[in-house]
Amino acid sequence: MAGILEDKLLRIRAFTHFSSLLSLLIVGVLFCGILIWLRFEQDALKIFGILFLVDAIPALYLHFEYWLKNKGEEYEVRDTELIRRIGGEETYYRNDEIEKIIVYLSPSLYKNSNFHLLAIESYHYAVVKLKTGEELVLTCLLAPRVDKALKKMRGVLFEKRKRLFCMI
C-alpha cells in the first residue's frame, strides 16, 4: 500500500484513553498517598477532595466530549490523503481537497512540553477544513498527539493555535 505512513491508523483505543487521563491518574494517586500519610484527617480530606474535583471535572468533561465526537470513527493518515471510516463506509480526502488543518493545543503542548500541571492540558484536537466547507474534527482520543500524526501529510497548510481549555 503505497503512501501509508507507519502506524498512522487513528482510532480510539484503551491506550489513547489512558494517555489522555494519565495526568489525572497521577494526581489521584499522589493525593491518595498524601491522604494515607496524613491518616485521612478530615481537613486534609476536604482540601484534597476539592482540589481533585477542580482538576477532574473539566478533564472528564473534555474526555466525554471528545469521545462523543470521535466514537465509531477511524482515520488513516497517508502522505497524499486522509481516509475516514465510519461504520464500514470509507471517504477519501486528497491533500489538494484540504484547505488547511488547524490544531488547538494547550500552552504546554504548544511548547512541545510533556509536563502538565492540570489534567486538561493533555487534551487537544485538530480541525481539518475542506475546500467544500466541511470540517472534520480529530481529537486526542484518536492519537496521543494528533498534530504530529497529521503533520506528515505533504502539501497541506498546517496551523497551530493555543487554547487553555480546548473545548470543541
For the range 33-81, the dipole about the Cα centre with charges only on Cβ (Lys and Arg +1, Asp and Glu -1), to the nearest 20 debye, works out at 360 debye
Scoring the chain by relative contact order with C-alpha pairs under 8 Å, at least six apart, yields a percentage of 29 percent
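Evaluated at 4 °C with a viscosity of 1.567 mPa s, what Stokes-Einstein diffusion coefficient in µm²/s does the chain have when Rh comes from the Kirkwood expression over alpha-carbon pairs?
It diffuses with D of about 75 µm²/s by this estimate.
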Amide H contacts under 5 Å for K100, restricted to residues at least 5 apart in sequence or on another chain and with H modeled in the peptide plane, are K129
Excluding near-sequence neighbours (fewer than 8 apart on one chain), the range 8-162 holds lysine pairs with C-alpha atoms under 14 Å apart numbering 14
Placing each pseudo-label 7 Å from Cα in the direction of the beta carbon, K69 and K151 end up separated by a distance in nanometres of 2.0 nm
Sites removed, the longest contiguous part of the chain containing no DSSP-loop GluC sites (Glu not before Pro) with at most 14 other Cβ within 10 Å is 42-133
For the range 97-168, the charge dipole (Cβ of Lys, Arg +1; Cβ of Asp, Glu -1; about the Cα centre) points to a positive end, and the Cα of I168, F115, V128 closest to that extreme belongs to F115
To the nearest 20 debye, the chain has a Cα-centred charge dipole, built from +1 on Lys and Arg Cβ and -1 on Asp and Glu Cβ, of 340 debye
Out of A143, A126, A14, a Gaussian network model of the chain with alpha-carbon springs under 10 Å gives the largest mean-square fluctuation to A14
Listed residues K152, K46, K71; largest mean-square fluctuation, Gaussian network over the chain with Cα springs below 10 Å, found at K46
Here FRET efficiency (C-beta to C-beta, L30 to L53, R₀ 22 Å, nearest 0.05) is 0.90
Mean projected area (nm²) from the convex hull of Cα positions in the range 37-99 is 7.8 nm²
antiparallel share of DSSP beta bridges within the range 32-168, to nearest 5, in %, is 80 percent
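Only the coordinates and a few stated rules stand behind these numbers; no lab work does. For clarity, every value in this text was computed on a predicted model and none was experimentally measured. For neighbour counting, all protein chains shown are included, and Cβ atoms are generated from backbone atoms with ideal geometry for every residue, glycine included.
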